[in-house]
Amino acid sequence: MLLPWVLLVQVVFNLIWKVEMSGTKETGHVKWFNDEKGYGFISRDNGQDDVFVHFRSINSSANRKSLLEGQRVEFLVTKGPKGLQAEDVTAL
């Protein structure tokens, strides 16, 4: 479990660096997702660059947030400190 101050730093960092690029949801499929590391990539249906996805961005009522390879998803694309990333990710 991360210490509360570490979580606060992560939240502040995300707020500073993330700028939403599109107000509309996109669709795509999970290219790959590593459960142990908690991240992967989504291929976009519009053919543009793949986007990074972190487990924190997955909408799920399950205790463990994960995605399956090939799974269809809907998401927002944002600009993170290292490039494009998916937020508000929902399985279809």
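Here is a yes/no grid of residues against (1) more than 16 Å from Thr24 (Cα to Cα); (2) at pLDDT 95 or above; (3) in a strand (DSSP E or B); (4) not aromatic (Phe, Trp, Tyr):
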residue: Phe52; (1), (2), (3), (4): yes, yes, yes, no
residue: Ala62; (1), (2), (3), (4): yes, no, no, yes
residue: Lys65; (1), (2), (3), (4): yes, no, no, yes
residue: Glu69; (1), (2), (3), (4): yes, yes, no, yes
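Of the residues making up the range 44-70, those that are among the small types (Gly, Ala, Ser), touching a strand residue (DSSP E or B) at 6+ places or on another chain (Cβ under 7 Å) and without any contact (Cβ under 8 Å) to a residue 40 or more places away in the chain are Ser57, Ser66. Residues that are in contact with a strand residue (DSSP E or B) (Cβ under 6 Å, 6 or more places away or on another chain) and not in a strand (DSSP E or B) were ranked within the range 71-92; the one that is surrounded by the most Cβ atoms within 10 Å (Cβ to Cβ) is Gln71. Of all residues in the range 29-49, those satisfying the criterion of being part of a strand (DSSP E or B) and under 18 Å from Leu76 (Cβ atoms) are His29, Val30, Lys31, Phe33, Tyr39, Gly40, Phe41, Ile42, Ser43, Arg44.
Filtering the range 64-92 to residues that are of a type in the set (Asp, Glu) and over 9 Å from the mean Cα position of the chain (by Cα) leaves Glu69, Glu74.
The values are calculated or read from the model by the stated rules, or taken from the named source; none is laboratory data. Quick caveat: nothing in here was measured; it's all calculated off a predicted structure. We place every Cβ from the backbone using ideal geometry, glycine too, and count neighbours over all the protein chains shown.
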